[in-house]
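Here is the structure we will look at, set down as C-alpha cells.
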Amino acid sequence: MEHSNTEKKLGFMTRSVHAGNEIDKETGAIRRPITMANSYALPYDPSDLNWSSASGNLYTRNGGANQQYLQEKLRSLEEGEDCVVLASGVAALSGVFLSLLKSGDHVVVSDSTYIAAYRLLHELLPGKYNIQTTLVDSRDLEAVKAALHTNTKLIHIETPSNPTLKISDIRGIATIAHDAGALLSVDNTFASPYNQRPLTLGADLCVESLTKYINGHGDAMGGAIVGPKTLIDKIRADAMVNVGGVISPFNAWLIMRGAVSLPIRMRQHNQSALAIAKFLENHEAVRFVAYPGLESHEGHAVAAGQMEHGFGGVMAFGLRADHDAHNRFVSHLKVVTSAVSLGHDESLIVFLGENDERQYLYPEDFHGGFFRLSIGLEDTEDIAEDIRQALEKAKL
C-alpha cells in the first residue's frame, strides 16, 4: 500500500493488514516472502556507491527488504513520517539517546521507566559520555518544567510507565519540551499504537518494543522508532548502519505477521485487563492495584483523554502478605505463567521484591513488593479463576 493521502482514509485495522504488504512480483505470492540475504546485487558500476547508505538494498546491516516492509507498516500505524526498525526495544532506546545527544547535553526522563532505559540514562550516558540526566515524576507538569536546564535537549517519558503504570500527559509535556527548544520522545510499548499514538499528541519520536504487543506471540525481538524523516535518517545511520543494531530478516518477517492481528488482540487485552483489574481491586487479599483503566487510578482522566481504544493489558498489584506469600501465590498459578516480558498471547506475571534498586522512585504502595501482570488472550473467566484459586491455595 503506497504512502499517500488515500492511506489516511483507511482505518487502523485495514492498515494493520495491508500497510507494507504487496503482491510479490516474482512469484505472485500475496504476502511478502522472507528474504534471507546478507547482500544484494550491485549495479554495473558500483564505484560511486555510498557503502553506508540505507537507501535501497545493498547490505542487510544497511537495511533489508523485510525490515523495509515492516517499517512501512509501523510508520502507517503510528501515523508518522518515517520509521526505523532495530534489533530490540533497547536498541531503539539507545538509538534515540546516542544518535541525538552529545557530551554536555541534558535529558529529563520519567522516574518510572523500563530498567534498561534507567541504566542507559542514569548510569551509562552520564558515566561514559557526560550526558546529564534528571529523573522526574512526569505526572507533574510543573516538576517537568522545573527540571529543565538551558542545555536540555530531550525529554523522554513512558506512559503508561513500566512497572508502576504511571500516566503522563503527552500533550502537556510536548508543549513544555517545544517551548524549551527540546524534543519529546515517548516509549509507547505498554499502550501500542492501537490504544495511543504519541506523534498525533505532539511527541517528536515514538519508541516501541516490537517484542511486546506488536509482535504479540512471544517469539521475536525488535524495536522501532517513528518520527520525522530528518531525525529518523540520523538514527538509522548511527544506530543501524554504524553501530550495527539491525534486525534479522526472520524477526522482521515474524513481527510483520504478528502486527496484522494487533487491533483484534489489543481489544481482548484491553477488555480482559479491565475485568481482571476490577476483580483484583475488590479482593480482600489485594493491597493495591495500579491500572489506568480503573477510575481509582490517579491518572485515569489523563489516560482516558489520550488512549483511544483502551488502557492496555498490563497492571501492577500487591498482596496483603509477606515476601514468601507472594511467591507462594505464584507457585499455585496454572493458567498465568511466571516469566518476564509482556504483550504475549499468554498471561505473564513477575514478582518484583522489596529490594528493587529503583524502589525509592516508586509510589509508597509498591514498597512492600508487587507483581507486574500482563494479561494474555486466554478466556477472561479462566484468568480470574486461576488467580482466585491461587490466592485460596496460598491461604490469602
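Residue farthest toward the positive end of the dipole of segment 205-286, with Cβ of Lys/Arg at +1 and Asp/Glu at -1: which of Trp253, Asn242, Gln271?
In segment 205-286, that residue is Trp253.
For segment 215-220, take each phi angle, set θ = phi - 60°, evaluate the Karplus expression 6.51 cos²θ - 1.76 cosθ + 1.60, and give the result in whole Hz per residue in order, putting x for glycine and proline.
Each residue of segment 215-220 in turn: 6, x, 10, x, 10, 7 Hz.
Over the Cα atoms of segment 73-121, compute the convex hull volume and normalise it per residue, giving Å³.
Hull volume normalised by residue count: 112 Å³.
Quick one: Debye curve from the alpha-carbon atoms of segment 272-322 only, equal weights, vacuum; give me log10 I(q)/I(0) at q = 0.26 Å⁻¹ to two decimals.
So the normalised log intensities are -0.97.
Over segment 74-196, what is the relative contact order in whole percent, taking alpha-carbon pairs under 8 Å and six or more residues apart?
24
By counting other Cβ atoms within 10 Å of each Cβ, how are Met315, Met36 ranked from fewest to most?
Met36, Met315
Can you compute the equivalent ellipsoid semi-axes for segment 57-211, i.e. the square root of 5 times each eigenvalue of the Cα gyration tensor, sorted largest first and rounded to whole Å?
25, 18, 14
For a quick check: with amide H placed at 1.01 Å from N, whose amide H comes under 5 Å from Thr337's, ignoring anything fewer than 5 positions away on the same chain?
Sorted by chain and number, the residues that satisfy this are Ser347, Leu348, Ile349.
Just to be sure I understand the curve: with the Debye formula and one point per C-alpha of segment 262-393, what is log10 I(q)/I(0) at q = 0.11, 0.20 Å⁻¹?
Result of the Debye calculation: -0.36, -1.23.
What's the magnitude of the charge dipole for segment 262-393 around its Cα centre, counting Lys and Arg as +1 and Asp and Glu as -1 at the beta-carbon? Answer in Debye, nearest 20.
120
Which cross-chain or sequence-distant (5 or more) residues have an amide H under 5 Å from the amide H of Thr211, H modelled 1.01 Å from N in plane?
The list, which skips near neighbours in sequence, is Gly89, Gly222.
Below 8 Å between Cα atoms, with a sequence gap of 6+, how large is the relative contact order for segment 262-393 in percent?
Across segment 262-393, relative contact order equals 28 percent.
What residues qualify as long-range amide H neighbours of Ser112, i.e. H under 5 Å apart, gap of 5 or more or another chain, H built at 1.01 Å from N?
Ser138
By DSSP, what percent of the beta bridges with both residues in the chain are antiparallel, rounded to the nearest 5?
The antiparallel proportion sits near 55 percent.
Given 10 °C and 1.306 mPa s, how large is the Stokes-Einstein diffusion coefficient of the chain in µm²/s, with Rh as the Kirkwood radius over Cα pairs?
In µm²/s, the coefficient rounds to 73.
Would you mind ranking Thr337, Thr60 by Cβ crowding within 10 Å, fewest neighbours first?
Thr337, Thr60
Compute the distance from the alpha-carbon center of segment 345-396 to that of segment 82-134, in whole Å.
Taking the Cα centre of segment 82-134 as reference, the centre of segment 345-396 is 28 Å away.
For segment 1-118, would you read off the P(r) tail past 19 Å as a percentage of all alpha carbon pairs?
63
With springs connecting C-alpha atoms under 10 Å apart, model the chain as a Gaussian network and identify which of Asn195, Asn327, Asn50 has the largest mean-square fluctuation.
Comparing Asn195, Asn327, Asn50 in the GNM, the peak value goes to Asn50.
HN-Hα J couplings of segment 199-209 from phi, Karplus 6.51/-1.76/1.60, θ = phi - 60°, integer Hz, Gly and Pro as x?
Ordered by residue, 3J(HN,Hα) equals 5, 6, 9, x, 5, 8, 9, 10, 10, 10, 7 Hz.
Rule-based calculations on the coordinates, nothing more; no lab input. What you see is a predicted model, and the numbers here were worked out from it, not measured in a lab. Every residue, glycine as well, gets a Cβ built from its backbone with ideal geometry; the counts of neighbours run over all protein chains shown.
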